[in-house]
1. Which residue pairs have Cβ atoms closer than 6 Å, lie 6 or more positions apart in sequence or on different chains, and pair a first residue in the stretch 118-141 that is of a type in the set (A, V, I, L, M) with a second residue that is open to solvent by 10 Å² or more (accessible area, probe 1.4 Å) and part of a helix (DSSP H, G or I)?
2. Could you say whether any residue in the stretch 28-37 is within 18 Å of the chain's Cα centre (by Cα), at negative phi and open to solvent by less than 70 Å² (accessible area, probe 1.4 Å)?
3. When you scan the stretch 93-100, do you find a residue that is closer than 20 Å to Leu42 by Cα, of a type in the set (Phe, Trp, Tyr) and touching a Gly at 6+ places or on another chain (Cβ under 9 Å), even just one?
4. Quick one: which of Arg148, Arg120 is under 13 Å from the mean Cα position of the chain (by Cα), more than 17 Å from Leu42 (Cβ to Cβ), assigned to a loop (DSSP other than H, G, I, E, B) and of a type in the set (Lys, Arg)?
5. Going through the stretch 79-98 one residue at a time, which ones are of a type outside the set (A, V, I, L, M) and under 16 Å from Ser63 (Cα atoms)?
6. Looking for whichever is farther than 23 Å from Leu137 by Cα and free of Cβ contacts under 8 Å to residues at least 60 places away in the same chain here; the options are Ala43, Ala53. Which one fits?
Amino acid sequence: MGGSGDLDGLGDAGGKAALRARLLAARRALTAGERERAARALARHAGTLPELAGAATIAGYVSVGGEPGTRELLETLRERGVRVLLPVLCDDNDLDWARYEGPGSLVAGPRRLLEPSGPRLGRDAVLAAGTVLLPGLAVDASGTRLGRGGGSYDRVLERLTRAGARPVLMVLLYAHEVVAAVPREPHDHPVHAVLTPEGVRRFAAPTA
């Protein structure tokens, strides 16, 4: 697996697509053992970071494919008494939310996603979260996050902004996915921190 040096320097409009392709290829190259170790490391951080240890409600997500594994992290938070909200994909690609009640509460959803089977709480339920954990493919030194391009989390972040909510925005990545620069567009919302298996990196307070 290559380092981050060959993933930087893509600043044009097509740069996001090229960067996504390279990062997804790097994820596919990870072994099962590497993924398992990364997931365990993320779960260990759950008890030490104030952004996670101090939040009564956290909005998370269930990892799929080569994403940094979140299932052990979610269970660690739930066992500590944190109210964990997980997304439910809507027909219009927006996100509803439901409470995570343990591994047995997850059911198959669209696009190979796993979703909580409990009552839907509404799209505004995320406004109660003190920390929002975001999937992504990369983040740069300014806190600009590269997502997969579906737009679901752009809607969530815009909803938080409109409501004046100020949760901690934390993206979960592998260490090599913290890159020098991510192409930024007007709708992009910078994040406050990135958590990798190696630890947390915090950014200056987002200005947008």
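1. Note: pairs meeting the criteria are Leu127/Ala163; Leu134/Tyr153; Leu137/Arg20.
2. no
3. Yes, some residue in the stretch 93-100 is closer than 20 Å to Leu42 by Cα, of a type in the set (Phe, Trp, Tyr) and touching a Gly at 6+ places or on another chain (Cβ under 9 Å).
4. Arg148
5. Once the filter is applied, which keeps residues that are of a type outside the set (A, V, I, L, M) and under 16 Å from Ser63 (Cα atoms), the stretch 79-98 yields Pro87, Trp97.
6. Ala53
Rundown of residues vs (1) of a type in the set (Lys, Arg); (2) over 18 Å from the mean Cα position of the chain (by Cα); (3) at pLDDT below 95; (4) more than 22 Å from Ser152 (Cα to Cα), yes/no style:
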residue: Ala53; (1), (2), (3), (4): no, no, yes, yes
residue: Gly60; (1), (2), (3), (4): no, no, no, no
residue: Gly65; (1), (2), (3), (4): no, no, yes, no
residue: Thr70; (1), (2), (3), (4): no, no, no, no
residue: Arg99; (1), (2), (3), (4): yes, no, no, no
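Residues checked against (1) open to solvent by 40 Å² or more (accessible area, probe 1.4 Å); (2) more than 14 Å from the chain's Cα centre (by Cα); (3) of a type in the set (Asp, Glu):
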{"position": "Ala165", "(1), (2), (3)": "no, yes, no"}
{"position": "Val171", "(1), (2), (3)": "no, no, no"}
{"position": "Val179", "(1), (2), (3)": "no, yes, no"}
{"position": "Pro183", "(1), (2), (3)": "no, yes, no"}
{"position": "Pro190", "(1), (2), (3)": "no, no, no"}
{"position": "Leu195", "(1), (2), (3)": "no, no, no"}
{"position": "Val200", "(1), (2), (3)": "yes, no, no"}
{"position": "Phe203", "(1), (2), (3)": "no, yes, no"}
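The values are calculated or read from the model by the stated rules, or taken from the named source; none is laboratory data. If you're wondering where the values come from, they're calculated on a predicted model, not measured in any experiment. Using ideal geometry, Cβ is built from the backbone for each residue, glycine included, and neighbour counts are taken over all protein chains shown. All accessible areas refer to the heavy atoms of the entire protein, side chains included, with ligands and DNA or RNA removed. Shrake-Rupley method; radii C 1.70, N 1.55, O 1.52, S 1.80 Å.
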